[in-house]
Amino acid sequence: MYSRQVEELLEQLIVAAEKLSMGRYEGHEQIFAMTDDGRYPPVVARFAEAFGMMAVKIEAREFRLEQMIDDLTRTRDELTVTNQRLQQSLQELQQAQMQLIQQAKMETVGRLAAGVAHEVKNPLAIIQLGTDFLADQLKNTPLWYETVMDMADAVQRADRVIKGMLDFSRSEQLDLQEADLQTVIDDSLLLVRHELNSGHIAVVREAAGDIPLLMLDRNKLKQVFINLFMNAVHAMPEGGSLTVSVALHRLTPADLAAFGSDRVKPAAGEQAVMVRIADTGKGIPEEVVTKLFDPFFTTKPVGVGTGLGLSVTGKILELHHAVITLGNRRDRQGAEAVLLFTLPKGDAQP
């Protein structure tokens, strides 16, 4: 027959065992205290003490297991993030590889186009001589004379396109020479005229008065303007209008803030040449405005854009000590690019 004290101890141990089975570890101190007061047989006290030590060790092991699980969870999350970054890096490398392949292909196409252009120029020259001769012979026959002059005008347009292709395919080295910026823009518009016409896009050309000659690489800037014009074409799949304006602009503190005063050296009040290229498309989502000049970033569908056009554009303009901002129009729906070319010292007008 167990004594009352032993029954109390066994009841405490039963309660502790039930708590232990449910993952509750409180009450150990009470068990240890009961075994120290000398009221229980030594063997029962040792059993209670062993039970209490077992519960303490189980609690410690479960705590360590929880820590290990937390560590494994963090490690798994870190591995997931690392894997995502690796996947992104792999995609970027694949895009870069495809871009290199495309660049090599475009270089080959450029060389072929240059060869074709040279071959076409000779027949065009012969046709031009023929139209000049016929025009002289038929100048007294208005109907035939006008027909021949239309032919001559078409030949001259074709010759300008061929000349533009040849200029565009020449040396990749920066070749700065005094040039008329408005002429560079007009030549670039001529090279994309087919895309503009097929896209039902009307060009509004707002030319300024006298714009000083600037030190420019004509071919590199053609690349800049062609890229901006083609972006505008893609932004207006249902047609629209493209406004291109050039004007002298006196810089304000707001201009310097917008273009970045660390890159634009002139001070407020000095003059610069400002080019504005505005379309009537859907505009640019606000969340991507800050990413537009990041390499490989594009909002165009796969196969349409590589994401390098604006990045290259920004670099070319930087080499010309010029800058560009791209955002949404304020006067109506659409996007606009604003380019700022600093004037050489001594060319600024009072």
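The values are calculated or read from the model by the stated rules, or taken from the named source; none is laboratory data. These numbers come from a predicted model, not from an experiment. Note that we place each Cβ from the backbone using ideal geometry, even for glycine, and neighbour counts take in every protein chain shown. Heavy atoms of the whole protein, side chains included, go into the accessibility calculation; ligands, DNA and RNA do not. Shrake-Rupley method; radii C 1.70, N 1.55, O 1.52, S 1.80 Å.
Conditions tested, residue by residue: (1) at pLDDT 65 or above; (2) part of a helix (DSSP H, G or I).
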| site | (1), (2) |
| --- | --- |
| F225 | yes, yes |
| T243 | yes, no |
| G269 | yes, no |
| F293 | no, no |
| F297 | no, no |
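Give region 315-350 a look and list any residue that's farther than 23 Å from L248 by Cβ and at pLDDT below 85, or say none.
Taking region 315-350 as the starting set, the residues that turn out to be farther than 23 Å from L248 by Cβ are 315, 328, 332-335.
Of everything in region 315-350, just one residue is farther than 23 Å from L248 by Cβ and at pLDDT below 85, namely K315.
For region 281-291, give me each residue that is at pLDDT below 75, open to solvent by 30 Å² or more (accessible area, probe 1.4 Å) and not acidic (D, E).
Once the filter is applied, which keeps residues that are at pLDDT below 75, open to solvent by 30 Å² or more (accessible area, probe 1.4 Å) and not acidic (D, E), region 281-291 yields V289, T290, K291.
How many residues does region 119-134 hold that are small (G, A, S) and under 11 Å from D159 (Cα atoms)? Step through it out loud before you land on a result.
Taking region 119-134 as the starting set, the residues that turn out to be small (G, A, S) are 125, 130.
Going one step further and asking which of them are under 11 Å from D159 (Cα atoms), we end up with 125.
Qualifying residue count, region 119-134: 1.
Filter region 118-146 for residues that are at pLDDT 85 or above and open to solvent by 100 Å² or more (accessible area, probe 1.4 Å); which is nearest to the chain's Cα centre (by Cα)?
I126
Residue check: is N197 within 19 Å of G281 (Cβ to Cβ), open to solvent by 20 Å² or more (accessible area, probe 1.4 Å), free of Cβ contacts under 8 Å to residues at least 12 places away in the same chain and not hydrophobic (A, V, I, L, M, F, W, C)?
yes
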